[in-house]
Structures are given as structure tokens and as C-alpha cells.
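Undergrad: Take this structure, written in C-alpha cells, and hold onto it; I'll ask about it next.
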Amino acid sequence: MTRNPPVVFVVDDDAKLRESLFWLLESANYTVEAFESVADFQEAYHADRPGCLLLDVCMPGTTGLDLQQQLARQPHHPPIVFLTGQGEVEFAVRAMKLGAVDFLEKPFVADQLLNSIDQALKLDDEQRRRRDELAMLRARLEQLSDRQRQVLGMVVEGMQSREIADRLKLSCRTIENCRATILRKMHVESTIELVRLMLALDESPAHA
């Protein structure tokens, strides 16, 4: 699936630092959008835009930690790299518990910052690919008939064709044909692969 290039969203109320970060990241060939407040970022951001957040911890009004908590309640949100001028352990612990990729103290080392951003963008890409795969899997499931879904459920439970046939009072040949149709519609070549996909779907978040 073709996506727009990822964006590093910089949110920091310090105009000089924000400009410095903008030029540093652009010189490293990132696409950058910078905002002086959480409100400005929220007005411009949409969850379907790939990228990550480079976020100041303490800002007037809604803080970086406030934004992280708001985003954490949503099904999909960008990975976050925090910047702080305070270096307080309690902030770092809270941020990391909520899934922050990194927590860097100002003044930061440029190479360390770029490495953290690379990690955040890689994580965002992996998460989006995973969601795309799950969406495709669900779409394929929708193509199955009620009978095929019933048989699929029994296959995932580990039942053999003869057992399924006896349970449904159908011929073994009918069940074998049904299983072959399920494999074809689900775009897999083996029962093992089919079961693996279904287990992955069961383990995924409801809104993934």
C-alpha cells in the first residue's frame, strides 16, 4: 500500500529551539512540520498521516505529557520522542510507561536525537503495516460464507476433516472442498499458515 512520506512533527514552545530542530531535521532529509503548542499540532494532525512526534514535556497550557495521555486513549497514535529541559525522573518514567520511544534531556546530542527519531519512524511504519495486514485479513474473512466460517473455526480448534464432517453431518469430501475454498479465499497455501493468521487476528487489538 502506497503511503505519504513520514513526517516528524515537532511540538515545542521555544521558538529558537523549534527553528533549530526544524533545520537539523530537514538537513538530515526528514520531512518536518513544527508547532509552538499542542493545540496547533492537534488542529493539523490526522491519524492517517505517518510519522512521529518530537515533543517537549513542559509547555504552557496542554503539556507534552497531557498530549501523550490523550493520544494513548486513541486506537492509533504516532510514536513519541520526548525532549525535556528538566530531566526529572518522574516525567521520564510516566512517559516511558505510556510507550514513549525515548526521553532526551536538553541540550541533546544530535546523533542521539536522529537515532531516536529513526527508531520512532520505524516503529510507526511497522505498526501501520501490521494494521494494513489485519484489515486485509478481515476483508478476506468477510468473503467467507457462514458455513465456511463455521468450518474455519473448527479448523482453528485443531479438528480434522473427518471430525468436522461428523460434527456437521456432511461428507468428508464436502469438508475437504470447503477447506480448499477457505484457503483460496484467505490467500494462504496451508492450514498451518491459515491457523497462524487467525491466531494473530485474535490477539490483535479490536480496532487495529
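The values are calculated or read from the model by the stated rules, or taken from the named source; none is laboratory data. Bear in mind that the values here come from a model prediction, so they are computed numbers and not experimental data. FYI the Cβ positions are ideal-geometry reconstructions off the backbone, even for glycines, and counts take in every protein chain you see. Side chains included, ligands, DNA and RNA excluded: accessible areas come from the protein's heavy atoms. Shrake-Rupley method; radii C 1.70, N 1.55, O 1.52, S 1.80 Å.
Undergrad: Go through the range 68-105 and report how many residues are of a type in the set (Gly, Ala, Ser) and modelled with pLDDT of 80 or more.
TA: Within the range 68-105, residues that are of a type in the set (Gly, Ala, Ser) and modelled with pLDDT of 80 or more number 4.
Undergrad: Residue by residue through the range 136-157, note down the ones that are under 18 Å from Leu197 (Cβ atoms) and free of Cβ contacts under 8 Å to residues at least 24 places away in the same chain.
TA: Passing the criteria: Met136, Ala139, Glu142, Arg149, Gln150, Gly153, Met154, Glu157.
Undergrad: Which one of the conditions (1) open to solvent by 20 Å² or more (accessible area, probe 1.4 Å); (2) in a loop (DSSP other than H, G, I, E, B) does Asp40 fail to meet, given that it meets all the rest?
TA: Checking Asp40 against (1) open to solvent by 20 Å² or more (accessible area, probe 1.4 Å); (2) in a loop (DSSP other than H, G, I, E, B), the one that fails is (2).
Undergrad: Here's another thing I want to ask about it. Might you check whether a residue that is closer than 27 Å to Ala72 by Cβ, part of a loop (DSSP other than H, G, I, E, B) and of a type in the set (A, V, I, L, M, F, W, C) occurs anywhere in the range 108-127?
TA: yes
Undergrad: Answer yes if at least one residue in the range 111-122 is of a type in the set (Ser, Thr, Tyr), within 30 Å of Gly64 (Cβ to Cβ) and at pLDDT below 90, and no otherwise.
TA: Checked against the condition, which is being of a type in the set (Ser, Thr, Tyr), within 30 Å of Gly64 (Cβ to Cβ) and at pLDDT below 90, the range 111-122 yields no hits at all.
Undergrad: Please count how many residues of the range 25-36 are over 24 Å from the mean Cα position of the chain (by Cα) and either hydrophobic (A, V, I, L, M, F, W, C) or crowded, with 17+ Cβ neighbours inside 10 Å (or both).
TA: 2
Undergrad: OK, next. Give Phe22, Phe9, Phe82 a once-over and let me know the one that is assigned to a helix (DSSP H, G or I) and either farther than 15 Å from Asp124 by Cβ or open to solvent by less than 10 Å² (accessible area, probe 1.4 Å) (or both).
TA: Numbers: Phe9 fails: assigned to a helix (DSSP H, G or I); Phe82 fails: assigned to a helix (DSSP H, G or I).
Just a single option satisfies the conditions, and that option is Phe22.
A quick yes/no check of all residues on (1) in a helix (DSSP H, G or I); (2) within 27 Å of the chain's Cα centre (by Cα); (3) surrounded by 12 or more Cβ atoms within 10 Å (Cβ to Cβ):
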residue	(1), (2), (3)
Arg147	yes, no, yes
Leu170	no, no, yes
Ile192	yes, yes, no
Val195	yes, yes, yes
